[in-house]
Structures are given as structure tokens and as C-alpha cells.
1. Taking a ≥ b ≥ c as the square roots of the Cα gyration tensor eigenvalues, with a/c under 1.5 meaning rounded and otherwise prolate when a/b beats b/c, else oblate, which class fits region 259-351?
2. Where Lys and Arg each count +1 and Asp and Glu each count -1, what net charge lies around Ser384 among other residues with Cβ under 13 Å from its Cβ?
3. Quick one: Kirkwood hydrodynamic radius for region 260-439, alpha-carbon pairs, angstrom, one decimal?
4. Using per-residue counts of other Cβ atoms within 10 Å, averaged over each peptide, order 213-222, 345-354 from highest down.
5. Would you please state the base-10 log of I(q)/I(0) at q = 0.17, 0.22 1/Å for region 324-402, with intensities from the Debye formula using one equal scatterer on every alpha carbon?
6. Give, as a single signed number, the net charge of other residues whose beta carbon lies under 10 Å from the beta carbon of Ser416, with Lys and Arg counted +1 and Asp and Glu -1.
7. What is the order of Cys411, Cys11, fewest Cβ neighbours within 10 Å to most?
8. Alpha carbon centre of region 369-429 versus region 311-345: separation in Å?
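Derivation of every value follows stated rules applied to the coordinates shown; laboratory data play no part. If you're wondering where the values come from, they're calculated on a predicted model, not measured in any experiment. Glycine also receives a Cβ, built like all others from the backbone with ideal geometry; neighbour counts cover every protein chain displayed.
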Amino acid sequence: MKKTNQELLNCYFQGRASEEEVAELEKRMLVDSELRELYLQEAILETNLKSIALREDDLTTKPNAKPGRKSSKILPFYAAAAAVIVLISIIGFTNSPGKSVGTILSSELAGWQSDQPTIEGGEFGPGTFMLQKGVATLGFHSGAEMVLEGPAHIEVLSEMQLLFHYGDASFNVPESAVGFQVETSYGNIVDHGTRFSLSFSQDEQDARLAVGEGEVAIHHSNGEVKHLYTDEKVRIDEKQFYPDEDQAAEGGVFVREPLFTRGTNGKETSIVYNNQRKIRLSPDFLMVKNAAPGVVNRRALFSFDTSDIDLGSVTVARLVLNAVPTGLGMVTDMPKISEFALFGLPDDEREQWPNTGLQWEKAPKVEESKRLASFPLRRAEQRSVVTLDTPELLAFLKADQSGEISFLIDCETPGSTLVHGFASSQHREAAGPVLELVMKK
């Protein structure tokens with residue numbers, strides 16, 4: 001016999017509804033506004049009655065008392081409260097914060113940008129999550145779990161649904177969460193009780209889906225539906241599905257253009273204004289500083305031997321630097337962002353500076369050099385890779401006649417105690433300056 005709307009709602013909120021009954025309820029709600037309103041009232045009432053019950057237990061249960069069955073005598077109180085709660089909840093529903101839909105189960109060196117609590121063990125509601133780095137595990141109250149690797153951008157819609165913009169994730173969906181949905185710009189992924197992984201590139205060129213166990217259904221935005229089963233994989237883009245030939249599920253290797261690279265071969269140094277090189281400079285770093293009164297300000301110099309390179313055949317020139325912490329000074333004394341400038345030294349005797357013992361007054365001057373590029377560094381990110389590939393850099397390199405290219409780095413943002421650093425060729429962890437060249441074929 002066909003169940004009434006109220007009977008379907010009762011089964012749903014009591015956890016007794018079958019998959020067919022849930023589907024039937026959703027079908028009716030799509031066309032029946034009164035049923036949607038009734039569902040809303042039931043959902044609000046269900047949530048708030050649970051909250052009242054928990055508060056009532058906290059007020060009446062003694063610390064050493066054994067938990068027991070609630071007395072039916074308090075039911076009239078719930079009934080009276082229900083009418084008030086429903087009325088207040090409906091009026092204030094649009095302004096109330098989203099309810100909890102899950103818990104942050106683990107956070108492994110995770111760097112978040114989110115409007116939600118992101119500490120391990122914290123509960124989260126519907127909202128936007130951007131994981132800049134690290135790995136985090138989100139557990140939904142439905143039972144579904146998602147392991148997310150940064151950088152990633154998702155929007156949690158409910159305990160059964162999320163919008164996936166980009167990132168890498170693995171999902172474990174038990175029987176309690178069958179029907180869990182992951183929406184993407186290419187279509188929806190509906191889980192039928194499984195383990196699957198999703199890799200969605202930040203540039204949104206394509207996505208990769210692999211089923212570890214069970215079944216998923218992919219509803220493409222073009223209308224096509226595809227079912228995947230254990231150990232099956234597929235690639236998806238805005239047009240269609242493609243077979244994924246990567247049986248190891250490692251992803252593709254990025255094939256870049258052939259590069260000619262050149263290091264400094266030790267032709268690098270730092271200078272300090274008061275010339276106290278022994279106590280102010282380290283061979284591990286190319287040091288840079290700009291502070292008043294300036295007695296310990298620093299600049300960095302380095303060169304590349306290009307005498308065996310046909311510079312006329314160079315089509316792309318890139319300079320790669322590794323910013324690293326020197327351990328000198330305080331980050332908190334600095335502005336949030338410091339600007340740096342790269343200068344090219346004149347193609348004459350000023351390129352012939354010594355590797356050791358260089359004095360400030362005898363070093364190449366900023367005002368006598370050519371500005372080639374500028375770049376920012378954040379005080380909160382002392383380790384980063386800086387890649388410079390400006391037209392000015394390419395033109396400067398192609399115009400060289402001496403067979404040696406020399407550069408100077410200067411900090412243009414006044415700071416305080418912090419000494420900025422870039423790895424030299426002697427640094428134990430990071431590579432020193434590298435010149436990358438792409439030649440004509």
C-alpha cells in the first residue's frame with residue numbers, strides 16, 4: 001500500500017526508510033512545496049529536540065549517576081517546547097549558522113583557508129574549504145570519509161553532498177552513506193557504497209576517477225551516465241569520458257621543453273655595509289637586508305659563465321632562486337610582504353668582483369646596474385621558489401658580449417631585524433641560483 005507523505009517522513013527521520021522510500025520522498029518533495037515546508041519543520045524539530053534532550057541530561061544527571069532510560073513524564077515538556085522551537089526556528093532559519101555535518105578527523109601539516117573550524121577534532125558545517133598544503137581527513141556524520149591533499153578547494157553542502165573544485169581526494173563510503181554525491185564542473189559522481197579516488201586539476205583540463213572497491217555512477221553534464229566498478233578508471237573532461245590508460249594510477253609525467261641549465265659554479269657572494277663579513281655573512285646564504293640606519297644592510301651577487309653558449313639561439317631565459325630562512329632577526333618585525341629587485345651588472349670590469357672579501361664600497365652599485373625584474377616574498381613563507389622570466393632578463397642575456405652574466409639582488413622594502421636569505425651553491429638543503437635556457441630547435 002502506498003504510504004502517505006507523513007508516513008514517509010516518519011520513516012525517514014526514524015531511520016527506517018528504504019532506498020526506494022527515500023527516492024519516493026525526494027520525488028514528491030520536488031513537486032510539492034507544502035511537503036518541503038513540512039520536511040523543513042520536521043528537520044528543525046528533530047535537531048532542536050535532540051539539543052534539548054542533551055541539555056536536560058546535563059542539568060539533571062549527577063556525575064556518578066548511571067545513564068538510564070528517560071522518563072515519559074518529560075514528554076509534555078518536549079511537546080510544549082516543540083511548538084515554540086518550530087515557530088522560532090522557521091522565523092530565524094535563514095539567519096542561523098549551518099548545523100554540523102562532520103568532524104575534522106586528522107590534520108597532517110595542513111594549511112587551511114576556510115570560514116570553518118579546521119582544527120583536528122573540530123566539527124564543521126556547510127561551507128567553503130581551501131586546503132593550501134598538507135593532508136586532512138574529513139569525516140561526515142553520514143559515515144563517509146574523505147582524505148584530501150592540498151592544494152584543494154571544496155564546498156561542503158551537506159553530510160551527503162559536496163562540490164569539488166580541484167585537488168586530490170580519496171573517499172570511503174560505507175553502507176550508511178550510500179548515495180553520497182560529489183559534484184564537479186563536469187557532472188556528478190554518485191557513490192553506491194565504495195572506495196574511490198578523484199584527482200581534479202586546478203586548471204580544470206580534466207579529472208581522473210578510480211574505483212578501488214564497489215561502484216560509482218558518473219552523471220556527465222552532457223547527459224551521459226557511466227558506471228564504474230572495482231579497479232576501473234576513467235578520465236573526464238567537459239566533453240566526454242575517456243579510458244584511463246594509466247594502470248598504475250600514478251598520473252602523467254609533465255613533459256617540459258628541453259632545458260639548458262647553468263649553476264654559478266661558486267661565483268657568488270654577499271656584502272654587508274659595515275664590512276663585518278666574518279660575523280655577519282655565511283657562505284650557505286646569499287643574504288639581503290634593508291633597514292635603518294643601514295650599518296648591517298646586505299646585498300647578494302652571483303654570476304653565470306655563458307662563454308660556451310650561443311646566446312643568440314636562446315628563446316626563453318629563467319632565473320630560479322630558492323628563498324630560505326637565515327635564522328637571523330625576527331619575522332614579526334617585518335611587513336607582511338617585502339619587495340625585491342633583480343639587477344643585471346654592466347658588461348664590463350664591474351662583473352669581475354672577487355668571490356671572497358668583497359667590500360661594500362668596492363662592490364657593484366645598484367644605481368649603475370640595469371633593473372630586470374622584481375618579486376615579492378611573504379614574511380610567513382620563508383621557504384619558497386622564485387622563478388623570474390621577464391622580457392628584460394632575456395634581452396639582457398642576449399646582449400651580453402663578455403661570456404659572463406652577473407646579477408645583484410636588493411631588498412626595496414624597509415624592514416627591521418630580519419635578514420632575508422637565498423640558498424647559495426653551498427647550502428645543504430636547497431639548490432643555489434640556476435639559469436634555465438630554452439634554445440631554438
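1. Prolate is the answer for region 259-351, as a/c is 1.5 or above and a/b outweighs b/c.
2. Working: positive: Lys133, Arg378, Arg379, Arg383; negative: Glu381.
Result for the neighbourhood of Ser384: +3.
3. Working: mean 1/r = 0.0611 Å⁻¹.
Computed over Cα pairs of region 260-439, the Kirkwood hydrodynamic radius comes out at 16.4 Å.
4. On the way: 213-222: 16.5, 345-354: 14.6.
Highest to lowest by the protection proxy: 213-222, 345-354.
5. The Cα Debye sum returns log10 ratios of -0.92, -1.12.
6. Details: positive: Lys289; negative: Asp333.
Result for the local shell: 0.
7. Values: Cys411 23, Cys11 16.
Lowest to highest Cβ neighbour count: Cys11, Cys411.
8. If you average the Cα positions of each part, the centres end up 4 Å apart.
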